[in-house]
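Q: Have a look at this one.
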Amino acid sequence: MDSNDKTVATPSKSPEELEQQEREKMQVLVSNFNEDQLNRYEMYRRASFPKASIKRLIQSITGCSVSQNVVIALSGVAKVYVGEVVESALDVMEKSGETGPVRPKHLREAVRLLREKKVAPGSKIHSRKPAFFR
């Protein structure tokens, strides 16, 4: 190694410091929300899917019992997905110059756009070939 090579080691932050930094960023973001955004954010934070319904749905699809942790995880994933659909529907409304509540046509267009971006369930990531031939 050459004596001219100088690498500066950057001190890595502890998980606690990173968490604190994320909290501060979130506080700045929330403090800059307008009233509508703040109301939507509060509703989003309070909203949740009924755990019993999610558990029943998962068990009916998989045919086996699932732990509470799986239910909580899938409930969270569903909540994030619904949030993405609603935000996309609001973008659709804004582009078309409409105001008022989100309507089914906006939600359908939002899901179509998310599928097109390959973000939503039902999007075709690659062409599927049958695994078995008859």
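Q: Quick query: amide H of residue 120 versus all other amide H atoms, modeled in the peptide plane; which residues come in under 5 Å with a sequence gap of 5 or more or a different chain?
A: Hits under the 5 Å cutoff: 115.
Q: Return the Rg/Rh ratio of the stretch 1-112 with Cα-based radii and a Kirkwood Rh.
A: That ratio equals 1.18.
Q: Under the 0.36 nm per residue contour assumption, what length would be gained going from the current alpha-carbon distance of residue 35 and residue 69 to full extension?
A: Going from the current span to full extension adds 8.8 nm.
Q: Can you put 98, 35 in order of accessible area, largest first, using a 1.4 Å probe?
A: Largest accessible area first, the list is 35, 98.
Q: Full extension from residue 77 to residue 98: what is 0.36 nm times the residue separation minus their Cα-Cα distance, to one decimal in nm?
A: Here the segment from residue 77 to residue 98 would lengthen by 4.7 nm.
Q: Let me ask something else. First select every other residue whose beta carbon is under 12 angstrom from the beta carbon of residue 93; then total the charges, Lys and Arg +1, Asp and Glu -1.
A: That works out to -2.
Q: How large is ³J(HN,Hα) for each residue in the stretch 30-46, as worked out from phi by the Karplus curve 6.51 cos²θ - 1.76 cosθ + 1.60 (θ = phi - 60°), to whole Hz, x for Gly and Pro?
A: Calculated HN-Hα couplings, in order: 5, 5, 9, 5, 7, 4, 4, 5, 5, 4, 4, 5, 5, 5, 4, 5, 7 Hz.
Q: Next question. Return the Rg/Rh value of the stretch 21-81, two decimal places, where both radii are evaluated on C-alpha atoms and Rh is the Kirkwood radius.
A: 1.16
Q: Work out from phi, with θ = phi - 60° and the Karplus expression 6.51 cos²θ - 1.76 cosθ + 1.60, the ³J(HN,Hα) of each residue of the stretch 87-92, listed in order in whole Hz, and give x for Gly and Pro.
A: Whole-Hz 3J(HN,Hα) from phi for the stretch 87-92: 4, 5, 5, 5, 5, 4.
Q: Moving on. Would you calculate the volume per residue, in Å³, of the smallest convex hull containing every Cα atom of the stretch 44-107?
A: 98
Q: Could you work out the local net charge near residue 77, counting Lys and Arg as +1, Asp and Glu as -1, over the other residues with Cβ closer than 15 Å to its Cβ?
A: Local charge sum for residue 77: +2.
Q: Express in Å², to the nearest 10, the accessible area of residue 31 obtained by rolling a 1.4 Å probe over the protein heavy atoms while all chains stay in place.
A: Around 90 Å² of this residue is reachable by solvent.
The values are calculated or read from the model by the stated rules, or taken from the named source; none is laboratory data. Note that the coordinates shown come from a computational prediction; the quantities given were computed from them, not determined experimentally. Neighbour counts run over all protein chains shown; Cβ positions are idealised from the backbone, glycine included. Surface accessibility is based on the protein's heavy atoms, side chains included, excluding ligands, DNA and RNA. Shrake-Rupley method; radii C 1.70, N 1.55, O 1.52, S 1.80 Å.
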